[in-house]
1. Do the conditions hold for Asn253, that is, is it among the polar types (S, T, N, Q), loosely packed, with under 14 Cβ neighbours inside 10 Å, over 23 Å from Pro178 (Cβ atoms) and in the same structural domain as Lys183 (by TED's automatic domain parsing)?
2. Looking at the stretch 111-120, can you tell me whether even one residue there is among the aromatic types (Phe, Trp, Tyr), within 30 Å of Lys210 (Cα to Cα) and not assigned by TED's automatic domain parsing to the domain that holds Leu237?
3. So which residues in the stretch 153-164 are in contact (Cβ under 8 Å) with a residue 60 or more places away in the chain and not charged (D, E, K, R)?
4. When the residues of the stretch 139-183 are filtered to those that are hydrophobic (A, V, I, L, M, F, W, C), more than 27 Å from the chain's Cα centre (by Cα) and not in a strand (DSSP E or B), which remaining residue is nearest to Ile113 (Cα to Cα)?
5. As an exercise: evaluate Val245 against (1) over 24 Å from Ser234 (Cα atoms); (2) among the hydrophobic types (A, V, I, L, M, F, W, C); (3) at pLDDT 80 or above and give the number of the one condition it does not meet.
6. State all residues of the stretch 238-261 that are assigned to a strand (DSSP E or B) and touching a helix residue (DSSP H, G or I) at 6+ places or on another chain (Cβ under 8 Å); if no residue qualifies, say none.
7. State all residues of the stretch 288-299 that are under 17 Å from the mean Cα position of the chain (by Cα), farther than 11 Å from Leu254 by Cβ and in a helix (DSSP H, G or I); if no residue qualifies, say none.
Amino acid sequence: MRPAGVCTTPPSPNAAKLTAWSARVLTTSTRRANLKKSACDLAKVNFSAAQDVLRRLDKAYKAFFERIKRGDTPGFPRYKGKGRYDSLTWPSYGDGCKLKASSKLYIQNVGEIRFKQHRNITGQIKTVTIRKQGPYYYLVFSCQYEFEVEPHSGPAVGIDVGLEFFASLSDGGQIANPRFYRKSEKRLAKAQRKLEWVKPLPKFDPKKKKARKVVVCSHKKIRNQRKDFLHKQSRILTNGYSLIVIKDLQVKNLTRRAKPVQDNETGEYLPNGASAKSGLAKSIQDTGWSTFVNLPTKR
């Protein structure tokens, strides 16, 4: 499927000339009807799912214009072709997408597909999303249900994150830094070199596809290892402490690229420690501090 095909050719990237253009015109019923008649692939897609793609497009351009107004770096919305658009959402459960018995999902114009259900679904299903990550497909249910927050009695703790140790607690405890990316760096570099070797091959060459799959799976494994570690550690902390205070860090500033230093007399660029800062930024991003700080608030 190529959802981005519903978009007309975007205007010039010149931000000053874009204010008159809005993606909201694509949400009209006439426009959608004409597209469904002209594009055979789009005609098979559920109406609500296609409508959600238009909402995403409108949201992307609204955010783009808001960044222009604030004076931030705009970042023109990127065109997502067949190989980049990796998810499709049914915003209204039961409209084109519904669960059947024995772990099967019915999709309009597709039929029933089997999936591995690793946990019971609690509450009322509101939306369904199918997401592709590398060679794997995931089914995401958004549910609404009521729950009660149980009172928690326990000590308070302060946490300081770092690189030698992932976290140091005020009561003397320490959490080791697993360094998932650093441990997998050689394996990932080897996979990326193989991908570079097959780069001159045609776009849909099997060797190129296989090399790309290895790189994607390597990144996916590192990401899943880090996510699993952060979730488990945040669960241990929230179960053991009633108040958690974490040092407020601006991770974006810590990982920012070093500014070039130029000699005023000769005009030559002087050493600015970019190499050392690059290695430090890589280690900081490997820890996942930002995710770790936000997780306890969701428990």
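The values are calculated or read from the model by the stated rules, or taken from the named source; none is laboratory data. As the structure is a prediction and not an experimental result, all values here were calculated from the model. Virtual Cβ from ideal backbone geometry, glycine too; neighbours counted across all protein chains shown.
1. Considered against the rule, which asks whether it is among the polar types (S, T, N, Q), loosely packed, with under 14 Cβ neighbours inside 10 Å, over 23 Å from Pro178 (Cβ atoms) and in the same structural domain as Lys183 (by TED's automatic domain parsing), Asn253 comes out as yes.
2. Quick first cut of the stretch 111-120, residues among the aromatic types (Phe, Trp, Tyr) only: 115.
Still in the list and also within 30 Å of Lys210 (Cα to Cα): 115.
Applying the additional criterion that residues be not assigned by TED's automatic domain parsing to the domain that holds Leu237 yields 115.
Yes - at least one qualifying residue is present in the stretch 111-120.
3. Of all residues in the stretch 153-164, those in contact (Cβ under 8 Å) with a residue 60 or more places away in the chain come to 153-161, 163.
Hits for the stretch 153-164 are Ser153, Gly154, Pro155, Ala156, Val157, Gly158, Ile159, Val161, Leu163.
4. Kept after step one, since they are hydrophobic (A, V, I, L, M, F, W, C), are these residues of the stretch 139-183: 139-141, 143, 147, 149, 156-157, 159, 161, 163, 165-167, 169, 175-176, 180.
Now restrict to residues that are more than 27 Å from the chain's Cα centre (by Cα): 147, 149, 156-157, 169.
Restricting the remaining residues to those that are not in a strand (DSSP E or B) gives 147, 149.
Working: Phe147: 31, Val149: 36 Å.
My answer is Phe147.
5. Here Val245 meets the rest and fails (1).
6. If the condition is that a residue be assigned to a strand (DSSP E or B) and touching a helix residue (DSSP H, G or I) at 6+ places or on another chain (Cβ under 8 Å), then Ile244, Ile246 are the ones that fit.
7. As a first pass, look at the stretch 288-299 and keep what is under 17 Å from the mean Cα position of the chain (by Cα): 288-292, 294-295.
Of the ones still in play, those that are also farther than 11 Å from Leu254 by Cβ are 288, 291-292, 294-295.
Answer for the stretch 288-299, where residues must be under 17 Å from the mean Cα position of the chain (by Cα), farther than 11 Å from Leu254 by Cβ and in a helix (DSSP H, G or I): Thr291, Phe292, Asn294, Leu295.
So that you can scan it fast, the table gives a plain yes or no per residue for (1) among the acidic types (Asp, Glu); (2) in a loop (DSSP other than H, G, I, E, B); (3) within 19 Å of Arg84 (Cβ to Cβ):
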| residue | (1), (2), (3) |
| --- | --- |
| Lys190 | no, no, no |
| Lys194 | no, no, no |
| Pro200 | no, yes, no |
| Lys207 | no, no, no |
| Ala211 | no, no, yes |
